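Peer 1: There's a structure below that I have some questions on.
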Amino acid sequence: MSRNGLSRTRTYAAGALALLAFATACGDDGGGSAAPAAGTTAPAASKPSGAAPAPTGGAATAGATAPAGADAAAWAKWNLTPLAPAPAPPADKPVKLQRTGPVPVFSEVKTSDKVVFITIDDGAEKDPKFVEMLTDLKVPISMFLTKDIVKNDYGYFKPLQALGNHVQNHTVTHPVMSKLPADKQKSEICDDQAALTQQYGTAPLLFRPPFGDGANTPTLNTSVQECGPRAIVLWRESMQIHDMQYQAADKKLKPGDIVLAHFRGPKELKGATMTQMFGDLLARIQEQGFSVARLEDYIQAPAS
Ligand SMILES: [Zn+2]
């Protein structure tokens with residue numbers, strides 16, 4: 001792990017905190033739990049889900065400095081102050097993934113750039129307005145998708161992917177992984193990996209266990225290795241409805257922090273929409289003087 005330039009101590013501390021934050025992670029919020037929605041929702045707007053064009057590594061690099069080009073009018077349309085442009089992605093990636101062996105677990109990336117990374121999980125809310133918003137603002141995100149939550153409309157995420165955003169692995173049914181034996185863990189990860197690879201044309205490089213659960217266990221690490229992802233990604237902040245929940249006592253963003261958010265709508269957000277939640281997230285980031293960079297631009301994939 002130390003090879004990856006990640007702070008081992010902080011990684012494990014974050015893992016523990018992630019478990020403490022169990023109730024506030026994916027599928028929480030004291031109301032409708034997002035997680036169990038798997039497979040029960042009616043296909044709201046099923047679109048053809050043929051194989052996607054595959055915007056992979058190259059697309060991400062091209063889009064990396066996108067926030068710089070976003071014009072004030074686009075931000076004003078969403079009642080937002082523009083974020084500072086993100087710096088060019090580092091040539092020497094702070095995270096270097098290996099092709100084999102144990103996968104690193106991290107919740108932040110070592111960088112002095114005043115950037116944070118936004119990750120959005122599960123995939124329950126499929127609000128067309130959010131696609132419009134990201135098309136306008138070009139803010140980079142990473143999507144950790146759960147097969148049973150997105151399979152009724154894989155197509156929703158394709159325009160988001162076409163903006164240069166990567167699709168990552170978040171299991172098939174959103175279970176508590178540490179309660180599953182190794183073979184069940186494997187089917188959760190491997191089957192999501194296969195479905196996302198088929199739908200989005202590229203194999204996820206990263207995995208996030210639901211609730212952050214089991215992230216630092218040898219069993220889960222082995223299961224992830226056997227399914228293809230090369231890192232386990234946690235988070236430092238968790239977006240709620242209008243503000244973030246911080247693991248850090250000072251409640252401030254730090255350079256390289258990974259922020260967790262969810263595809264959620266009014267039912268889960270006490271009436272707020274996905275775009276209102278995301279706008280509030282950007283405002284909280286903007287007022288702390290940070291910009292948003294693309295997580296995958298700070299990660300070197302294994303040499304193939
Ligand atoms: Zn989740």
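Just so you know, all these numbers are worked out from the coordinates, no wet-lab data involved. None of the values given here were measured: they were computed from a predicted structure. Glycine gets a Cβ as well: all are built from the backbone with ideal geometry, and neighbour counts include every protein chain shown.
Peer 1: Relative contact order for the range 72-216: what is it in percent, counting Cα pairs under 8 Å that are at least 6 residues apart?
Peer 2: This gives 19 percent for the range 72-216.
Peer 1: List the lysines whose Cα sits under 26 Å from the Cα of K251, skipping any in the same chain fewer than 8 residues away.
Peer 2: Here the lysines satisfying the reach criterion relative to K251 are K110, K114, K270.
Peer 1: Multiply the residue gap between D136 and K251 by 0.36 nm, knock off their C-alpha separation, and tell me the result in nm, one decimal place.
Peer 2: Extra length available between D136 and K251 comes to 38.5 nm.
Peer 1: If the chain between D183 and D71 were fully stretched, how many nm would it gain, using 0.36 nm times the residue separation less the Cα-Cα distance?
Peer 2: Taking 0.36 nm per residue and subtracting the Cα distance, the gain is 35.4 nm.
Peer 1: Still on this structure, I have one more. Could you compute how fast the range 65-168 diffuses translationally, taking Rh as the Kirkwood radius over C-alpha pairs and applying Stokes-Einstein at 4 °C with viscosity 1.567 mPa s? Give it in µm² per second.
Peer 2: Values: Rh = 15.8 Å.
It comes out at roughly 82 µm²/s.
Peer 1: So for S238, S112, fewest C-beta neighbours within 10 Å to most, what's the order?
Peer 2: Fewest-to-most ranking of S238, S112: S112, S238.
Peer 1: Right, another one. Which of the aspartates and glutamates could a cross-linker bridge to K129, judged by Cα under 20 Å and excluding same-chain residues fewer than eight apart?
Peer 2: Excluding near neighbours in sequence, the set is D71, D121, D153, E268, D280.
Peer 1: Which aspartates and glutamates, if any, have their Cα less than 12 Å from the Cα of K179, not counting same-chain residues under 8 positions apart?
Peer 2: D213
Peer 1: Now for a different question. For a label point 7 angstrom out from the Cα of K267 toward its Cβ, which stretches of the range 104-146 have the backbone nitrogen within less than 18 Å?
Peer 2: 121-130, 146
Peer 1: Next question, about the same structure. Quick query: amide H of Q245 versus all other amide H atoms, modeled in the peptide plane; which residues come in under 5 Å with a sequence gap of 5 or more or a different chain?
Peer 2: Distant-sequence amide H within range of Q245: S238, M239, Q240.
Peer 1: Follow-up question, since we're still on this one. What distance in nm lies between label points placed 7 Å from Cα along the C-beta direction at R99 and W78?
Peer 2: The two pseudo-label positions are separated by 3.9 nm.
Peer 1: So for the pair E287, V176, with labels modelled 7 Å out along Cα→Cβ, what separation do we get in nm?
Peer 2: About 3.5 nm separates the two model spin labels.
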